[in-house]
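Enquirer: Please find one structure pasted underneath; my questions will follow.
The values are calculated or read from the model by the stated rules, or taken from the named source; none is laboratory data. Only a predicted model underlies this, so the values are computations on that prediction, with no experimental measurement involved. A quick note on method: Cβ atoms are made from the backbone with ideal geometry, for glycine too, and the neighbour counts reach across all protein chains shown.
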Amino acid sequence: MWSDNESSRDSVVDLTDSPPLKTKKRKRDTFTSKPVPKKASSSQWVTSAFGDFDDFAGFGSSMQPAAKTKQSKLVTKPLSQCPPRTNVSKRPSYEDELWSDKHTPKSVSDLAVHKKKIEELQTWLQRHLNSKSMRSPMVLLTGPAGAGKSALVQVLAKELNCELKEWSNPIAAAYDELSFLDRRNNWSDYSRVEGSYSSSQLSQFQQFLLRADKYNSLDIFGNGTQGKIILVEEFPNIVYKDATSFHDILRKYSKVGRCPLIFIISDSSSGESNERLLFPKHLQEELHIENISFNPIAATTMLKILTKIATEEAAHGMHKFSVPSKAVIESISMSSAGDIRGAINALQFACLKDTHDLLPTTSKGRQSKKKTSGETSKSKRAGNKSSADSDSTLAAIGGRDTSLFLFRALGKILYCKRDDPSNHPGLAKLPPHLGEHERDPLSLNPEDVIEKCNLSGDYFNAYLHQNYLEFFSEISDVVRASEYLSDSDFMTFEWSTRSILEEYASSIATRGMLHSNSSRSKHSSTGSGLGWKPLHKPQWYSTCKTERQNCETARHLFKSYACPPDVLQTELVPFLSLIDVTLHDPGQISFINEITKFSNVKIRSEKLDEKDLVVDKDSQGTGTSGETVWSNKMEEDNISNSQSKVVTEEMEEEEEYEITEFDD
Amino acid sequence: MADQEMEIDETPVATKSSGNPHHEQPWVEKYRPVKLHDIVGNEETISRLEVFGRDGNVPNVIIAGPPGTGKTTSILCLARAMLGPSYRDAVLEMNASNDRGIDVVRNKIKMFAQQKVTLPKGRHKIIILDEADSMTDGAQQALRRTMEIYSKTTRFALACNASDKIIEPIQSRCAVLRYSKLTDAQVLKRLLEVCEAEAVSYTDDGLEAIVFTAQGDMRQALNNLQSTFQGFGHVNSENVFKVCDEPHPMLIQDMLQHCVNGNVEEAYKTMAHLWKLGYSADDIITIIFRVCKNQNIPEFLKLEFIKEIGYTHMRIAEGVQSLLQMSALLARLCKKSAVPGIKG
């Protein structure tokens, strides 16, 4: 792998637009980096080279290596002539790529995505690449960021020997040479017919779709491809404001288009989802858009891949470092919450610390080298779960909202450790009539705990609220604890003052939680009673999301009744189901079934726990909001009624259940 | 474009002239670290950044943390260490004061990413987006493909206060580094260095006061130090609180202690005194909270106190900034520990 890159890089260095060499490595060619006409690129090259020369002129000493580089670029000298910087001959002296790019999966076997999902997309592609059906096939891939959606598409396109055409938003600049080139590369309609350069992004998008569908790109390199796939990952910005025109384009495309169209939307755990906006249910049904949703990468898979990358880098990468201990990789993979790209980025950062062969160019370099070797032993020690120090270290580098550290922080608050008062001589005592509120001193500072877990107080309170009940044994304690929680919630109610009062809110919630648990008021009582209790993720967010979705669907399905959503859900729909009206819309029937019939399905909540993380991630990813479980159950109950449900959807849900068992 | 370049240039020049005896520059700029290893705190992360500074190929990074912890400084130092003389051409710095709407991301940033700059191998252009959490979601969305497409030539460094305001796709493309507040010892150490360099006369309680007012924010600490020194020529706690225009925490501490003892008259005297000095309700309540958190008060009372202070702060934030509210707060605090059944 390296030798191949080496040779090409020597002559390219950092010529940004010399794609033939680049495309060899990376099949996906975005249209902005398409080959530009020779003349333009060469002239660009010349001017910028001179510009650089001017700048370098002032710096005598540092000019040396740069000048050499330039020379080697001009003459294309062999490798040996490169500035000799390496002591270790086999290692590359510099690194040019992100690890997350360098280690993009090259074949299906490299993918971290679950096999079922790979198959699903693969069969879909194969089915539609060759079919002569009248409808144009479209598929929508959703899932959290870094779940391997784009990587899967690229690998499959390669595997099926297809050309991948990707839309990228054009630069809307004034007319000049650069934008002119850009426009052409973007398949935009710089057309002589219309005689105008500027056109809306949307019409450019439309043109792109139609042309990408119709015309093959030039077959310069002689590797004839079998088919084409159009990939839309970045949506024209205007679309978010005006979704209907986007839908019109899709409808148009579905009439004329032939080649498979893939959309990728990464969903976020918070906020509005674009999926609902851009691809509402009715449109998906109308255009028969299939929806494949991805789960976060399972922890086991992630672990495997991270280890592989780490070993590979340790052996062939720029630095020599001992492969990080399993515990380090484990905590990286956990803190990334199923986001493989983020995990690789974090890994690159974490690994670098363990470099032993840093060239001690200066005394400073040497100094920090000593430091690094000290750290190495430290990160090795991270294997011990008990060492709290290494936690915070990794938290500092870690990925997103880090469940591992959160777990610790929650545990600290909920289990409420107290110290022996005899260790604290200067302790202030409560007056005697408040004796029932006397507590042994806390062994931690609640404000510190909150600050260390790197979460907003709001979010931390949600976690506390989800989990606190399990830890209380007296009802009066629960009363007090919930009172404090409500106090803290009320404080952050007002939007305008939230930022000021957030600190109070989290302080009150945590301190209230600690104090109101009377069964743990003494330092000696900590060990007794409570065993290990699983912690859960707050259901609040997913419930809100479900609620919003239901409201949206209700409004759409029962448009003709013209009621606000809450009236619809609480009054109209229940009555409709009771009075047995004949409904003709299958969507309405299934929705009424879903909303009005309560079954005793237990809504699972997401566990948050170190050991079960593997199992948990998967089972949760499939069941996410209670709704999926719910509707699935419904399906079993009333299959006769809800024939409306698209067959594929049913299939998908069943599959997901298999996955749960699969990874156990 | 032009003024950005100026912005970038300013810092290195500033540090070079540190031998200059004039006091024209803010010390924050004058003593802004130029090398990564001079940065105080967060050593773990910074030592890794040092490695990148030496070897290049830095991944996209997000640095998140409270103000005054050296986020921007470490990015600038990293860029300087990595790019050396080509710093001028290879760095695009934008912060919230620049227009950063979706158009800018689409045009200016993309243009810069496409520009060719000759750099040594393994080095990349850097786009610094300071205060990235104030970017709109749309602009962030537009950023994410740009980040990927140009990763061969351009890397992004984002600094923000709250990493949850950065959309997940961006977080996924970056290594997220979290800076934590500086400890009092770290701030103090740096303050001592600066005091020595500037020949500041100080007392220990003066520096302590500065550390207290700064709350782990180095920028604030240096600013307070400089203004106290230039205003009074001597740094002691009196002068510091005068300059910072904050009620003296010792007074507040006494006041709270009176509340714990249920002595509302004494507590009110302090409050009335502070009010007469002209402090706003906002100032007073902030310090009360800060002091209360760290004071030695029984746990139950501390919890109840914080709750009441919070509610009072809420009213103040909504606009009721009167002495009456503050007195009511004291009364409620005193009531907490009072024996029930006795009126008054």
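Enquirer: Among the residues that make up region A:439-448, is at least one of them more than 30 Å from B:Val339 (Cα to Cα) and within 13 Å of chain B (Cβ to nearest Cβ)?
Expert: Of region A:439-448, the ones more than 30 Å from B:Val339 (Cα to Cα) are A:448.
Those left that are additionally within 13 Å of chain B (Cβ to nearest Cβ): A:448.
Yes: one or more hits.
Matching residues to (1) at pLDDT 80 or above; (2) crowded, with 19+ Cβ neighbours inside 10 Å; (3) facing chain B (nearest Cβ under 10 Å); (4) farther than 27 Å from A:His247 by Cα:
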| site | (1), (2), (3), (4) |
| --- | --- |
| A:Ile118 | yes, no, no, yes |
| A:Thr123 | yes, no, no, no |
| A:Pro144 | no, yes, yes, no |
| A:Gln154 | yes, yes, no, no |
| A:Phe180 | no, no, no, yes |
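Enquirer: Looking for whichever is surrounded by fewer than 19 Cβ atoms within 10 Å (Cβ to Cβ) and either at the interface with chain B (Cβ under 9 Å from one of its Cβ atoms) or at pLDDT 75 or above (or both) here; the options are A:Thr355, A:Thr300, A:Thr376, A:Thr372. Which one fits?
Expert: Details: A:Thr355 fails: surrounded by fewer than 19 Cβ atoms within 10 Å (Cβ to Cβ); A:Thr376 fails: either at the interface with chain B (Cβ under 9 Å from one of its Cβ atoms) or at pLDDT 75 or above (or both); A:Thr372 fails: surrounded by fewer than 19 Cβ atoms within 10 Å (Cβ to Cβ).
Criteria check complete, one pass: A:Thr300.
Enquirer: Taking region B:91-145, which residues are of a type in the set (D, E, K, R) and either closer than 19 Å to B:Arg173 by Cβ or within 27 Å of the chain's Cα centre (by Cα) (or both)? Even if it seems obvious, please write down each step before you answer.
Expert: Step one: list which residues in region B:91-145 are of a type in the set (D, E, K, R), which gives B:93, B:99-100, B:103, B:106, B:108, B:110, B:116, B:121, B:123, B:125, B:130-131, B:133, B:137, B:144-145.
Across region B:91-145, the qualifying residues are B:Glu93, B:Asp99, B:Arg100, B:Arg106, B:Lys110, B:Lys125, B:Asp130, B:Glu131, B:Asp133, B:Asp137, B:Arg144, B:Arg145.
Enquirer: Among the helices (runs of 4 or more DSSP H) confined wholly to region B:236-311, which include 3 or more residues that are β-branched (Val, Ile, Thr) and in contact with a helix residue (DSSP H, G or I) (Cβ under 7 Å, 6 or more places away or on another chain)?
Expert: Correct list: B:281-294.
Enquirer: Another one. Report, by residue number, each residue of region B:310-344 that is within 20 Å of A:Leu501 (Cα to Cα) and either in contact with a strand residue (DSSP E or B) (Cβ under 8 Å, 6 or more places away or on another chain) or facing chain A (nearest Cβ under 7 Å) (or both).
Expert: Correct list: B:Gly310, B:His313, B:Met314, B:Ala317, B:Glu318.
Enquirer: Could I ask something else about it? Out of curiosity, is B:Ser201 crowded, with 18+ Cβ neighbours inside 10 Å, farther than 22 Å from B:Met82 by Cα and either at pLDDT 90 or above or not β-branched (Val, Ile, Thr) (or both)? Walk me through how you get there before you give the answer.
Expert: Details: crowded, with 18+ Cβ neighbours inside 10 Å: no; farther than 22 Å from B:Met82 by Cα: yes; either at pLDDT 90 or above or not β-branched (Val, Ile, Thr) (or both): yes.
No: the conditions fail for B:Ser201.
Enquirer: Select from region B:250-281 the residues that are among the small types (Gly, Ala, Ser), surrounded by fewer than 19 Cβ atoms within 10 Å (Cβ to Cβ) and in contact (Cβ under 8 Å) with a residue 40 or more places away in the chain and write down the one among them that is nearest to B:Leu330 (Cα to Cα).
Expert: That would be B:Gly262.
Enquirer: Which of the residues that make up region B:171-226 are within 14 Å of another protein chain (Cβ to nearest Cβ), in a helix (DSSP H, G or I) and not basic (Lys, Arg)?
Expert: Matches in region B:171-226: B:Gln171, B:Ser172, B:Asp184.
Enquirer: Return yes when B:Gly70 is in contact with a helix residue (DSSP H, G or I) (Cβ under 8 Å, 6 or more places away or on another chain), crowded, with 22+ Cβ neighbours inside 10 Å and outside the structural domain of B:Arg219 (by the TED database) and no when it is not.
Expert: Yes: the conditions hold for B:Gly70.
Enquirer: Here's something else I'd like to know. Cβ-Cβ below 8 Å, separation at least six or inter-chain, first residue in region B:88-106 and surrounded by fewer than 19 Cβ atoms within 10 Å (Cβ to Cβ), second assigned to a helix (DSSP H, G or I) and β-branched (Val, Ile, Thr): which pairs?
Expert: Between residues of region B:88-106 that are surrounded by fewer than 19 Cβ atoms within 10 Å (Cβ to Cβ) and residues that are assigned to a helix (DSSP H, G or I) and β-branched (Val, Ile, Thr), the close pairs are B:Arg88/B:Ile8; B:Asn98/B:Val104.
Enquirer: Let me ask you something else. Does A:Ala428 meet the test of being within 12 Å of chain B (Cβ to nearest Cβ), at pLDDT below 80 and surrounded by 14 or more Cβ atoms within 10 Å (Cβ to Cβ)?
Expert: Yes, satisfied.
Enquirer: Restricting attention to region B:60-106, and to residues there that are assigned to a helix (DSSP H, G or I) and touching a Gly at 6+ places or on another chain (Cβ under 7 Å), which single residue is nearest to B:Leu158 (Cα to Cα)?
Expert: Going through the qualifying residues, I end up with B:Lys71.
Enquirer: Let me ask you something else. Being more than 8 Å from every other protein chain (Cβ to nearest Cβ) and modelled with pLDDT of 80 or more: is that true of B:Ala157 here?
Expert: Working: more than 8 Å from every other protein chain (Cβ to nearest Cβ): yes; modelled with pLDDT of 80 or more: yes.
Judged against the criteria, B:Ala157 is a match.
Enquirer: Only residues that are more than 10 Å from chain A (Cβ to nearest Cβ) and over 30 Å from B:Val117 (Cα atoms): list them for region B:160-169, please.
Expert: B:Asn161
Enquirer: Looking at A:Ser560, is it in a helix (DSSP H, G or I), closer than 30 Å to A:Gly457 by Cβ and of a type in the set (S, T, N, Q)?
Expert: No.
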